[in-house]
Amino acid sequence: MSDVQQAMALLISAFDRYSSKEGDAHTLNKAELKELLENEFGELLGKANDKAALDRIFKDLDTNKDNSVDFHEFVTLVCCLTQMCHEYFIGKK
């Protein structure tokens, strides 16, 4: 399996691990999203402990306004963070 395929499999696995904890196993509620952000993104998103910041992140991710974050919405976050990290590290060279 290629590196990119492994990365895709890991994203799916991480999402499924957190989304299956409560309620709908195919979406993240706010508590599941908070736990995912804290455990998987660590220092990258240091504001995960800030309730107002978490509320904003959740609201911004929940584009269809169903009060949950589905896989598509989650991947949007991952892509944006990846792009920001790439730009940061390019600037460091």
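Take the residues in segment 9-38 that are more than 12 Å from the chain's Cα centre (by Cα) and of a type in the set (Asp, Glu), then tell me which one is nearest to residue 50 (Cα to Cα). The extreme case among them is 22. Within segment 23-51, the residues that satisfy the criterion of being surrounded by 13 or more Cβ atoms within 10 Å (Cβ to Cβ) and within 16 Å of residue 67 (Cβ to Cβ) are 23, 24, 27, 28, 29, 30, 31, 32, 33, 34.
Where a number appears in this text, it was derived from the coordinates with a stated rule and is not lab data. Quick caveat, the model's predicted, so the values are computed rather than measured. Don't worry about glycine lacking a Cβ; one is built from the backbone with ideal geometry, like all the others, and counts go over all protein chains shown.
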